[in-house]
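Student: My structure is below; once you've seen it, I'll send some questions.
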Amino acid sequence: MKKVHVFNAGPCALPQVALDNAVEAIKDFKGTGVSLLSISHRTKEWEETMNECRALWKELLHIPDEYEVVFLGGGASLQFLYVAENFLEKKAAYLDTGVWAHKALKEAQGLGEAYAIACSADKNYTYIPKGFEIPSDLDYFHITTNNTIYGTEIKEDMDCPVPLIADMSSDILSRPVDVSKYAMIYGGAQKNAGPAGVIFAIIRKDALGKVSRYIPTMLDYRTHIDKESMFNTPPVFSIFVMNETLKWVKSLGGVEAVHQKNIKKAELLYSEIDRNPLFVGTAAKEDRSIMNVCFVMAEGYEGLQDEFLAFAKGKGMIGIKGHRSVGGFRASLYNACELEDVEALVECMKEFEKLHA
Ligand SMILES: *Cc1c(COP(=O)(O)O)cnc(C)c1O
């Protein structure tokens, strides 16, 4: 296979061992002679995988006993609606830090009173708003911890006077999280935890059941907690690969060890962006994401953008074009992106500098 460096924003690079085991399982799932894609989700072999996956989430994130983990289809975008269905009785507030946060807010507004407590749209979402006060009469406060498109991140688990709900699609498993600070954490697996097709939701059970309106069965988290995410056919393939990805995280020493690796990768790339006269970072320095690194051509070099993309592509860099709403470049340094990939990108930026500076 061609040697490439994958910086895709999602679906993300996945560990090779997870891919290899998935290929094997598609042919023969655990020696049953049946493909993973045809296995009944009611078999004991499948239930073992499901249980292992749930247990690994709990172990890797030190999830307290009051919480349950569920896996569902529909993507993180459908979770925007689930959150409002399950938690919004009267009023909720959202921190508007970008497109995803905004979409989450919009879904809640369809069901009740929901508003943005603070918003960083004035500077195209290049920073995390600070200094806002969270009223104590809210049903919940919703944050997006990592803003995949703009490369900003809330890196600390905040204290919150009301139930705190976080979309962690793009930074889950990248750093240790104090789960006890949240009523719920959710996200699409495809950014850092597995392939597309499944979401994870980590829910404090006693935070549920406070809404008086009827919740459709499939949209009620209690349905899925009661049935251990098997109320209907689960996305078997996606859960299998997610489980393999979690096993890999564990084999590296867990989330704490992976966090150290992620900090190293991010520091390497940000220091090159700050040093290299051709490039400039777009996110406020104190809010820089360790997962998605966004940058543009520096003033005077704007005309070189397409040339750099082509140059980098020629060196095997995949997926460094910025999101269409922002432009420039974005390198996503999810867990399966290795230090050597980042070194290759930095080398590529240095070579480009020699050609043009
Ligand atoms: C990608 C992303 C989403 C949307 O995920 P889907 O599974 O495609 O719906 C939501 N929130 C964040 C932070 C994301 O990065």
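The values are calculated or read from the model by the stated rules, or taken from the named source; none is laboratory data. Small disclaimer: the values here were computed from a predicted structure and weren't measured. With ideal geometry, Cβ positions are generated from the backbone for all residues, glycine too; neighbour counts draw on all protein chains shown.
Student: Out of the stretch 131-152, which residues are under 20 Å from residue 7 (Cα atoms) and more than 10 Å from the ligand (Cβ to nearest atom)?
Tutor: If the condition is that a residue be under 20 Å from residue 7 (Cα atoms) and more than 10 Å from the ligand (Cβ to nearest atom), then 150, 151, 152 are the ones that fit.
Student: If you scan the stretch 306-320, which residues turn out to be surrounded by fewer than 20 Cβ atoms within 10 Å (Cβ to Cβ) and more than 10 Å from residue 5 (Cβ to Cβ)?
Tutor: 306, 307, 309, 310, 311, 313, 314
Student: Could I ask something else about it? Considering each of 193, 166, 189 in turn, give the residue that is farther than 17 Å from residue 292 by Cα and modelled with pLDDT of 95 or more.
Tutor: Being farther than 17 Å from residue 292 by Cα and modelled with pLDDT of 95 or more holds for just one of 193, 166, 189, which is 166.
Student: Can I ask one more? Only one residue in 53, 12 is modelled with pLDDT under 95, surrounded by 18 or more Cβ atoms within 10 Å (Cβ to Cβ) and more than 29 Å from residue 161 (Cα to Cα), so which one is that?
Tutor: Sole residue among the options that is modelled with pLDDT under 95, surrounded by 18 or more Cβ atoms within 10 Å (Cβ to Cβ) and more than 29 Å from residue 161 (Cα to Cα): 12.
Student: Same structure again: Please state which one of 264, 250, 227 is under 23 Å from the mean Cα position of the chain (by Cα), more than 30 Å from residue 353 (Cα to Cα) and not aromatic (Phe, Trp, Tyr).
Tutor: 250
Student: For residue 33, are the conditions met, namely being over 24 Å from residue 191 (Cβ atoms), surrounded by fewer than 16 Cβ atoms within 10 Å (Cβ to Cβ), in contact (Cβ under 8 Å) with a residue 24 or more places away in the chain and not aromatic (Phe, Trp, Tyr)?
Tutor: no
Student: From the set of residues in the stretch 86-120 that are in a helix (DSSP H, G or I) and away from the ligand (no atom under 16 Å from the Cβ), which is surrounded by the most Cβ atoms within 10 Å (Cβ to Cβ)?
Tutor: The extreme case among them is 87.
Student: Every residue in the stretch 1-36 that is assigned to a loop (DSSP other than H, G, I, E, B) and under 13 Å from residue 195 (Cβ atoms), please.
Tutor: Within the stretch 1-36, 8, 10, 11, 12, 13, 14, 15, 36 qualify.
Student: Also, quick follow-up: Among the residues of the stretch 214-227, are any within 16 Å of the ligand (Cβ to nearest atom) and not aromatic (Phe, Trp, Tyr)?
Tutor: Yes, the conditions are met somewhere in the stretch 214-227.
Student: Residues that are within 16 Å of the ligand (Cβ to nearest atom), assigned to a loop (DSSP other than H, G, I, E, B) and closer than 30 Å to residue 234 by Cα: does the stretch 62-77 have at least one?
Tutor: yes
Student: Considering only the stretch 155-208, state which residues are away from the ligand (no atom under 16 Å from the Cβ), in contact with a His (Cβ under 9 Å, 6 or more places away or on another chain) and free of Cβ contacts under 8 Å to residues at least 60 places away in the same chain.
Tutor: Residue satisfying the conditions is 178 alone.
Student: If a residue counts only when it is at pLDDT below 95 and under 27 Å from residue 58 (Cα atoms), which helices (runs of 4 or more DSSP H) contained entirely in the stretch 248-357 have at least 2 such residues?
Tutor: none
Student: Then there's this: For the structure I just gave you, tell me whether residue 256 is of a type in the set (D, E, K, R), within 16 Å of the ligand (Cβ to nearest atom) and either over 28 Å from residue 124 (Cβ atoms) or in contact with a strand residue (DSSP E or B) (Cβ under 6 Å, 6 or more places away or on another chain) (or both).
Tutor: So residue 256 fails the test.
Student: Just wondering, is there one or more residues in the stretch 43-60 that are outside any helix (DSSP H, G or I) and either among the basic types (Lys, Arg) or over 30 Å from residue 100 (Cα atoms) (or both)?
Tutor: Yes: the stretch 43-60 contains one or more residues that are outside any helix (DSSP H, G or I) and either among the basic types (Lys, Arg) or over 30 Å from residue 100 (Cα atoms) (or both).
Student: Can you tell me which residue among 125, 140 is under 11 Å from residue 284 (Cβ atoms) and hydroxyl-bearing (Ser, Thr, Tyr)?
Tutor: Exactly one residue qualifies, and that residue is 125.
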